[in-house]
Structure formats: C-alpha cells, structure tokens
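In what follows, a single structure is set out as structure tokens and then discussed.
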Amino acid sequence: MSSDQVSVLIADDNASDRMILRALLAREGYAVYEADDGEKALSIFSEEKPDVVLMDALMPNMDGLEATTRIKALAGDRFVPVIFLTSLQEAGALAECIEAGGDDFLTKPYNQTILRAKLSAFERVRQLNVTVHEQKNKIEEFNKRLLHEQDIAKQVFDNITPSGRHNIEGIKQLISSMAIFNGDVVLADYKPSGGIHVMVGDFTGHGLPAALGAMPLSEIFYGMTRKGFSLQDILAEINKRLKRILPVSNFCCAMFVDIDTVAHQVNVWNGGLPDALIIRKGLGVIAKIKSTHLPLGILSSDRFNASVDTYELRKGDLFCMFSDGVIEMENQQGEFFGADRIESVCNEHKDLPSVFDKVVDELADFSGTDQQTDDITFVELRADTLLEHIELFQDKQQIKRLSGPRDWTLSLDLRPESLKHFDPLPIFLHVLMECPYLQSHRSRLYTILSELYSNALEHGVLGLDSNLKKDPAGFASYYQMRQQRLEDLDTHAYVNISIEHRLTGDNEGDLIFRFEDSGKGFDYASKLVAVDGKSQNLGYCGRGIPLIRSLARTFEYLGAGNIVQVIYHWNLSQTEIE
Amino acid sequence: MASLNTDMLAELKDIMEDDFAILVDTFVSDTDKRIDVFESSMDMADADALRKAAHGLKGSSSNIGAERLSKLSADLEVAAKEMAFHIAIDLIEDVKQEYHLVRAALLELK
Amino acid sequence: MAIWSQVAGNELSIKIQGRFDFSSHQQFRESYENLPQPPSKVIIDMEQTTYLDSSALGMLLLLRDFSGGDQANISIINSNEEVKKILSISNFEQLFDIQ
C-alpha cells in the first residue's frame, strides 16, 4: 500500500456484503481492510490507522455503535469519517448512529455512484482537516516560540527598566498592566547629594510598543540621577532621546518629582499626567499640581521647557500621582472613575498616615471586573517615611562614596588639531563622576574645569585680551578673533591638563587641577591684586577667576603665568546642596 | 415480479469479475445458516436472534438483487421486533420459498 | 465614528464625529495624506467629537508633522469641555490653536 493511497476499513459481519464493497472500493483505487465484528474492527483500526471506516451497525461481539465511539476516541484530533452501512430506516436508529459519532450513511443495496460521491466528499473534508491540523500545529508551535521569546524579552525589559522596584521606603505604587509589557513606568532613586528623584511615565499605547520607550527613559533616569544631574538636565536628555527614537505619533506623558529633603520642598514637572495631589494630615487635599508642559518626546530640544513648580512638603504630607488609566477606569455601567472620586477618597481619609490602601480598595470596588482597558499606575509618596529614611541612606552613602579610585593622577596633552575641534570637558567630568565621593560636587567641578580650560585656551594659547569683552561690540569681535586665531594656530600650541587626587583624611580629599598652556603668560602678581581689590569694572569678563577662587581652597599662577594650579577640597561630613 | 433484478445482477457480475461464483457461494452458505437460525430462534422464542438474522438477510439479499427476498426479510425483522411470532412463522415459510427460487436463479448465473 | 474632510484652496477642513481613537487611524490619515501638497491651514471641527484618547493625540501630532511641524497652522474648533480637558492636560494648546 503506497503512502498516499487512501485506506478504508470495512466492518460488517455479512461476508457477501463485504465482498461486494471490497470489489467496489478496489475499482476506485482504495486500499481495503476487513473486519467481521466490532472488536476486530477496533484492533485493525489501531494497527493500520485507515483513513475511512465503513461500519455496519448490527454486529456480534461489539456492535457498530460502540466500535464507532471507540474509534473516534482513538483517532483524537485526526478526522476519520465513519460511514454507517445500513438498511436501517427508523429515524431513532439513524440518530443513534450519529450520536455514536457516525458521519454519514450508505444504504444497501450499494450503489457505485453514490459510494464514489460520498467517499470523494469525505476525502475533501479529510484533506481540509489534515491541512487545518497541520496549521494548528504550526500556530501552536509558533505561539509557543513567541511566548518563549516574549518571556526572555520580558526578563531583559525588567532588568533594564526596574519599574517600581526601587526599594525606597515611603514610596508605594500600584502598577497594573493590561498586557505582559507595561507602558507605564515608575522610577525612583536617591540623589548623591541627598534627596530623591521620582518619575512616573505613561507611554502612548499598550504592550510591547509602549514599553520599548521605557528602556531608554529608565537608563537615562537612573544613570543621570546617580551621577548627580539635575531634574532639568535629566528631563532634557530624556525628551531629546524620546523625540529621536519614537514615531511622531508616540510620546510619553510624565511627571518628574525632585524631593529636596533638606529644604522640605518638592519641585514638580508635569507634562500630560492628571493632577498630582498633595494631601496634608487633617486638612485633606491642599494642592493640585496641573500639567503645564507638553508630554516628553514631542518638542525639539530648543523648544523644550523643563521649568518646575515648587511646593512645600511637610512631615505627614502625602504626594499622590496617577496615570490616566486610573481616571479613565470604567465600571460596568460605562462610567469613568474620575479625578473627583480620587480627591474625595483622599479627603475622606485625611487623618490616616497613608491613603494608598483606601484608593486601591476603591478602584477595585469600582471596576468590579478583571477586564482592564489601560495600564493603571498610582503612586503615593509619604513624606515622613522618606525624610526618615534619607538619613539612613546618607549614612550608607558615606561608606559608598569612599569607594572608587582614591589615589590617582590623570593628564591630557592637547595639541593644535585637538584644540581646534575637541572639547575635553566631558571626558574629565565623566572620569570625575566615576568617583562616588565626587558625585555631589558635579556642578562645582564643572565650573572649575570649564573656567580653567577657557582661560588656558583663550587668554593663554590664543592670547586674547579679556578686556575686549567689556562691552557688547567687543564681545562679538572677541569671538570673531577667537575663531580666526584657532584656525591659524601654530604647530607648537598646546594645553596640558592634569588632575591629581589625594586623600587628606578619613572622609576628605584634595583634587589638584594643573593647567599649562603654550602662551607667553602674564604678570599675574598685578592682576591678582586688581581682582582682590575689586578695583576693576569687570563687565562681561573676568568673572571666571573670582568664581574659581570662591569654590577652591587655593588658586595660584605659576611659571610665567602660563601655569595655573587650583586645589579643590571635599569633605563627606558636609552636605552639599546644588 | 421476478426473484432477481437482472440489471443489477449484470452490473454485479461485471464488478465482481471472476469472484462472482465465490460471491454466490458465500451468499448461499450464509443464507443457509440464517434460515437455520430462523428456525432455532422460533423454537426458543428468541426474538432478538430472529431479528438480527432477518436484518442480515435483508441487507445481503438487497445487495445481490433479490428484492422480494429482501422485502420479506424486512417484514420478518419487524415481526421479530414486535415479538409477533404468529406472523413470523408464516413469513419464515415465505422467505424459505423465495430463497429457493433465488438460489436456483443465482446458481444458474454462476 | 465618522470623519469628513474638504479642501478649499490650500486650506483643509476636517470634521470628526463620535469617539476619536485608534480605530479612526486609517480614515484620519486618508483625510490629508493624498493632498498634492501640505495644507497651509488646517481647521479641525470637533463639535461632534465625544471623546479622544492618547492615540488620537498622536494622530494630531502626525497631521501637524505633515503640515510643516513647527510651521504648521492648525486650529481645533468647537470642542466640548471633556475634549478640551484632554487637550489641555497634555498642553496641546502649545502646538495647536484651540478655540
């Protein structure tokens, strides 16, 4: 029997009927198996797996009805048509055959034309079934693979975007996604200088497409917060990145909260999220913080605005944020949960230390179903707990800040082609920020580096006179000359920068900046006197040196005035606020 | 009404080719056995055995073109089902009579 | 949901009826995508718009991008309080002329 030949099992106790049927089937090209009772039919079926069964109803040992039920069970997903051979006429008996799993009837006397028509009709159904079955297997296989890939993607995603897994005492959040991937993110981290950054984001759409944008957002948030960047810098960077990577129609509604634990205030930037609430114990909602900005990822960098609103945050205050999935949660009657309902829950429980559980209960009562149409995020910041734990955190930071490189020198020699095109400040700043004990000094160190470098380049190497910058016209020609002289730079020009770090005690150290340039120097003794005596009208220029002197422990010119050395001192027992 | 449908038998001969003789022998030996069952089941008043044998003969005789024999078997099947033994006893006689005619005609065709 | 649009000169008028959400995506895009050149002025009439979601906001941004980005001149008129609220939470009045 060739593999593509369709095989038929005849189960009939009537030998002469079987003979006739076998002859008819052989003429049509079918392979034929025969059984003269139900039991034999069953054993031949399980061994030979025929494609079609022609079944007599009344047979000794096991009748056709029972044999059919068992054959259908054995066939499982495979479609095996069972055609009853019958001269039964009563409707009741025919119905029994169908109930047992029969698919059709063939009445005696057999007719070749009818037999051929029936078998070919079932052959088409059977082929269709084989195809459907194969496709079903393929889809199952595909689905299995997809789920597996999704599982891996989810792990990667969770590692990059530890949304809501920040371990900060005093922040409670409800994050409930309608798909495996969540378009809502909650991020929070301590700032190196003390204080906390918290961000809630809600990307357009749901599931994986919405979640993708959360990865860069989260990397930027954590990376920059840890390095001591400000809310403004972080938001500008996130906006720039999202604008670049997201399609025009996608954006991220977000709220950025900068908690200043020293001044007991919060700086809030809200771009497209529902009003945040400040709840004061005993008073209820005392402030609603409206969205005053466009969401992230829409505006170009030059139009982006990171200005914040500042609010007092007392011990006992609660600060609550919501994604619009909360406001727009629908109940079975099609009503929205709404901002008013949240507010009234908060007011009702104004004497509790936390309203979180009350709001969550109210949301669950309201929806009354597991069906969710949007990602839902609700975050409560509890001022007293945050303020309490920040002290513990700072103690831990003392120890952590002393890690990283402690005793080192870094130097860079810049020659003409570098001086023309290269800005060395980011590299230095990056290296300095690898030292945890310096992270909270970021903006001061940046100021010192940038002032020293522009002095070395502009006044030293290029020999520009800062007096030029006293009035607006001179200011313009100063920069024109700067450009010209840079282009004509001679081959011996250089700026040599070295930074050395030394520990001066258990919790303190010195950073020694030394800048040497190829310029001819100047009579620094007279200049310093002038600066110290504040006798000059400095106008647009000269702000640099006094600024450095105010930040640094020592400031001195060496050599011919072409070398400057600045010592900056840090001490962990001071809390620096930027 | 003739005992055999001649058109149908001609077709059957064509289909069965050389096996036609075997088919006739098989039908005859099966039917002989069934007639024995008719009589023994009447003796034991076993309506179910009678019904099954009549049902079998109904089918096999229709397939071989013995239309009247098939019709009589069908009547016998009904009588057995209704346990009308007094009707069955007459029908069995009719079936036996018709079978003799059919057998003779078939053996002639072999 | 239904969207009508008409062009007079270089001015495009779009009227949106019912819920404006992702299901209107195709139809909304068709209302401007086949114009021979970006419109110099667009008026979106939301008198009969009952609700918008964030994907509708995204579609408005797409239209703005098509009409010249920061140079686009798009007015949203006749919107009801609910719709206005949604537009203003996202501060879309900074990008669109909302009347």
- Message: Can you tell me which condition B:LEU101 does not meet? The list is (1) over 21 Å from A:LEU58 (Cα atoms); (2) within 12 Å of another protein chain (Cβ to nearest Cβ); (3) among the aliphatic types (A, V, I, L, M), and all the others hold.
- Response: (2)
- Go over the candidates A:ALA41, A:ALA57 one by one and state the one that is closer than 15 Å to A:ILE98 by Cβ, in contact with a strand residue (DSSP E or B) (Cβ under 8 Å, 6 or more places away or on another chain) and either of a type in the set (A, V, I, L, M, F, W, C) or touching a residue at least 24 places away in the same chain (Cβ under 8 Å) (or both). A:ALA57
- Residues satisfying the stated conditions in the stretch A:4-33, i.e. over 60 Å from the mean Cα position of the chain (by Cα), away from chain B (no Cβ under 13 Å) and over 20 Å from B:SER60 (Cα atoms): A:GLY29, A:TYR30, A:ALA31
- Message: I'd like to check something: does the stretch A:331-339 contain any residue that is touching a residue at least 24 places away in the same chain (Cβ under 8 Å), more than 14 Å from chain C (Cβ to nearest Cβ) and surrounded by 13 or more Cβ atoms within 10 Å (Cβ to Cβ)?
- Response: yes
- Output the number of residues of the stretch B:35-73 satisfying the condition of being crowded, with 20+ Cβ neighbours inside 10 Å and not aromatic (Phe, Trp, Tyr). 22
- Looking only at the stretch A:472-507, which residues are touching a helix residue (DSSP H, G or I) at 6+ places or on another chain (Cβ under 9 Å), under 30 Å from A:GLY404 (Cβ atoms) and modelled with pLDDT under 90? A:ASN507
- Query: Based on what the data block shows, is B:ASP18 within 13 Å of another protein chain (Cβ to nearest Cβ), within 20 Å of A:GLN112 (Cα to Cα) and exposed (fewer than 13 other Cβ atoms within 10 Å of the Cβ)?
  - Reply: yes
- Select from the stretch B:77-89 the residues that are under 21 Å from A:GLY64 (Cβ atoms) and either buried (at least 22 other Cβ atoms within 10 Å of the Cβ) or within 15 Å of the chain's Cα centre (by Cα) (or both) and list them in ascending order. B:GLU77, B:VAL78, B:ALA80
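Per-residue answers, yes or no, for (1) assigned by TED's automatic domain parsing to the domain that holds A:ASP233; (2) at pLDDT 85 or above; (3) under 30 Å from A:SER518 (Cα atoms); (4) not aromatic (Phe, Trp, Tyr):
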position: A:PRO353; (1), (2), (3), (4): yes, yes, no, yes
position: A:ASP361; (1), (2), (3), (4): yes, yes, no, yes
position: A:GLN372; (1), (2), (3), (4): yes, no, no, yes
position: A:THR377; (1), (2), (3), (4): yes, yes, no, yes
position: A:ASP407; (1), (2), (3), (4): no, no, yes, yes
position: A:ARG415; (1), (2), (3), (4): no, yes, yes, yes
position: A:SER450; (1), (2), (3), (4): no, yes, yes, yes
position: A:LEU462; (1), (2), (3), (4): no, yes, yes, yes
position: A:ASP465; (1), (2), (3), (4): no, no, yes, yes
- Subset of the stretch A:1-33, residues of a type in the set (D, E, K, R), surrounded by fewer than 18 Cβ atoms within 10 Å (Cβ to Cβ) and free of Cβ contacts under 8 Å to residues at least 40 places away in the same chain, comes to A:ASP4
- When residues of the stretch C:39-54 are filtered for being surrounded by 15 or more Cβ atoms within 10 Å (Cβ to Cβ), at pLDDT 90 or above and not polar (S, T, N, Q), how many remain? 7
- Examine the stretch A:227-243 for a residue that is basic (Lys, Arg), under 30 Å from A:TYR446 (Cα atoms) and within 14 Å of chain C (Cβ to nearest Cβ), and state whether such a residue exists. yes
- Across the stretch A:34-60, the tally of residues that are away from chain B (no Cβ under 14 Å) and surrounded by fewer than 18 Cβ atoms within 10 Å (Cβ to Cβ) stands at 6
- Which numbered condition B:ILE64 misses (of (1) more than 9 Å from every other protein chain (Cβ to nearest Cβ); (2) under 15 Å from B:ASP30 (Cα atoms)): (1)
- Message: So if I check each of C:LEU61, C:LEU57, which one is hydrophobic (A, V, I, L, M, F, W, C) and touching a helix residue (DSSP H, G or I) at 6+ places or on another chain (Cβ under 8 Å)?
- Response: C:LEU57
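Residue-wise test of (1) away from chain C (no Cβ under 11 Å); (2) surrounded by fewer than 22 Cβ atoms within 10 Å (Cβ to Cβ); (3) of a type in the set (A, V, I, L, M).
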{"position": "A:CYS253", "(1), (2), (3)": "no, no, no"}
{"position": "A:HIS264", "(1), (2), (3)": "yes, yes, no"}
{"position": "A:LEU277", "(1), (2), (3)": "yes, no, yes"}
{"position": "A:GLY297", "(1), (2), (3)": "no, no, no"}
- How many residues of the stretch A:207-216 are surrounded by 21 or more Cβ atoms within 10 Å (Cβ to Cβ) and either of a type in the set (D, E, K, R) or in contact with a Ser or Thr (Cβ under 8 Å, 6 or more places away or on another chain) (or both)? The answer is 3
- Item | Options A:LEU438, A:LEU445, A:LEU429: the member that is surrounded by fewer than 21 Cβ atoms within 10 Å (Cβ to Cβ) and among the hydrophobic types (A, V, I, L, M, F, W, C) | A:LEU429
- Message: I'd like the full set of residues that are touching a residue at least 24 places away in the same chain (Cβ under 8 Å) and assigned to a helix (DSSP H, G or I), limited to the stretch A:104-127.
- Response: A:GLN112, A:LEU115, A:ARG116, A:LYS118, A:LEU119, A:PHE122, A:GLU123, A:VAL125, A:ARG126
- Would you mind finding the one in A:LYS108, A:LYS118 that is under 28 Å from B:LEU69 (Cβ atoms), at pLDDT 90 or above and in contact with an Asp or Glu (Cβ under 8 Å, 6 or more places away or on another chain)? A:LYS118
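The values are calculated or read from the model by the stated rules, or taken from the named source; none is laboratory data. Every value quoted in this text rests on a predicted model; they were computed, and no experiment measured them. Ideal geometry is used to build each Cβ from the backbone, glycine not excepted, and the neighbour counts take in all protein chains shown.
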